[in-house]
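Before any comments, here is the structure.
The values are calculated or read from the model by the stated rules, or taken from the named source; none is laboratory data. On a predicted model such as this, the values are computed, not experimentally measured, just so you know. Counting neighbours? That spans all protein chains shown, and the Cβs are built from the backbone with ideal geometry, glycine included. Heavy atoms of the whole protein, side chains included, go into the accessibility calculation; ligands, DNA and RNA do not. Shrake-Rupley method; radii C 1.70, N 1.55, O 1.52, S 1.80 Å.
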Amino acid sequence: MATLEVLNTDNHAALRLGPPLSADRHFVQIVVEEFESVAARFPILFTKHPETGAFYAGALLGLKPGENIFSGTGDGAAVEGLLDLVRQGFYISGDHIAIDPAQPRFAGTGGQRVFEEEGLPAAALRRVQSALSQLHAGLPRTEQFLKRLLALKLVEPIDLSFSFDDGERLVLEGLYTISRDALAELDDVAVIGLFRQGDLALAQSVLGSQQHLSRLARLRNDRLVAG
């Protein structure tokens, strides 16, 4: 369990912030406000929280834990722009922002300043503040979106298996998507309800993002072949 400190200029005036550490993040939680931009580059899937069993949405960045295929590629900047990575090391604590001082992003003297000389939030901190605000508002909206999908029986497990040139075969379990068939079978009243709430566009983003699964596997295979 992280030991958090409330962020303030008295104790953290010299604090510097390195880039998000994402090389080992294969699945990053996202909120509905991110769906459109994420769907342009990465697969969006759902999984269950291991402790609560509640569904949440995420960007799939690798095919097994500890592996981010997009790290160090042309999509690396987009990965680092994911809200949950922007705010890495920062938390909301009541009415304050807190930090985990043990977070490696804060190590060393490099990186961007968190506070300006006069004690005002620097650009890096303002970006974190924005990410925290969007996550704080977006997480309950995403939870409600998923509850509406579940109520309509639109969420189903997705079968994902991949074979690679080095002989490795991976089968991904515990991931879910939106059922195209169930969506197509909804009556007009349900479809109009989804449209009015903006859920239909979100569902299309999720379904459209599946085109990136094959690209993810290809990138991984290319990396394995290259050694």
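The table for this structure:
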| quantity | calculated |
| --- | --- |
| Asp165 vs. criteria open to solvent by 20 Å² or more (accessible area, probe 1.4 Å), within 19 Å of the chain's Cα centre (by Cα) and more than 19 Å from Leu15 (Cα to Cα) | no |
| Residue within the range 39-62 that is in contact (Cβ under 8 Å) with a residue 24 or more places away in the chain, of a type in the set (Asp, Glu), open to solvent by 20 Å² or more (accessible area, probe 1.4 Å) and closer than 22 Å to Leu175 by Cα present | no |
| Within the range 65-80, considering residues that are β-branched (Val, Ile, Thr) and closer than 23 Å to Arg127 by Cα, the one surrounded by the fewest Cβ atoms within 10 Å (Cβ to Cβ) | Thr73 |
| Tally, over the range 13-63, of residues that are in contact with a Gly (Cβ under 7 Å, 6 or more places away or on another chain), closer than 14 Å to Leu83 by Cβ and among the charged types (D, E, K, R) | 1 |
| Residue match in the range 164-181 (condition: over 18 Å from Ile30 (Cβ atoms) and in a helix (DSSP H, G or I)) | yes |
| Unique residue being modelled with pLDDT under 95, closer than 30 Å to Glu185 by Cα and either within 13 Å of the chain's Cα centre (by Cα) or not polar (S, T, N, Q) (or both) when the list is Asp75, Asp159, Asp95 | Asp159 |
| 1 or more residues of a type in the set (Gly, Ala, Ser): qualifying strands (runs of 3 or more DSSP E) within the range 1-115 | 55-60, 90-93, 96-99 |
| Counted residues, the range 92-126 - those being surrounded by 15 or more Cβ atoms within 10 Å (Cβ to Cβ) and out of contact with any helix residue (DSSP H, G or I) (no Cβ under 6 Å at 6 or more places or on another chain) | 14 |
| Residue within the range 32-47 that is at pLDDT below 90 and of a type in the set (S, T, N, Q) present | no |
| Residue, farthest from Leu152 (Cα to Cα), within the range 209-227, restricted to residues that are over 19 Å from the mean Cα position of the chain (by Cα), open to solvent by 20 Å² or more (accessible area, probe 1.4 Å) and in contact (Cβ under 8 Å) with a residue 12 or more places away in the chain | Val225 |
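Rundown of residues vs (1) without any contact (Cβ under 8 Å) to a residue 60 or more places away in the chain; (2) open to solvent by less than 50 Å² (accessible area, probe 1.4 Å); (3) of a type outside the set (Val, Ile, Thr); (4) out of contact with any Asp or Glu (no Cβ under 9 Å at 6 or more places or on another chain), yes/no style:
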{"site": "Ser130", "(1), (2), (3), (4)": "yes, no, yes, yes"}
{"site": "Gln134", "(1), (2), (3), (4)": "no, no, yes, no"}
{"site": "Arg141", "(1), (2), (3), (4)": "no, no, yes, no"}
{"site": "Gln144", "(1), (2), (3), (4)": "yes, no, yes, yes"}
{"site": "Pro157", "(1), (2), (3), (4)": "yes, no, yes, no"}
{"site": "Leu172", "(1), (2), (3), (4)": "no, yes, yes, no"}
{"site": "Asp188", "(1), (2), (3), (4)": "yes, no, yes, yes"}
{"site": "Leu200", "(1), (2), (3), (4)": "yes, yes, yes, yes"}
{"site": "Leu207", "(1), (2), (3), (4)": "yes, yes, yes, yes"}
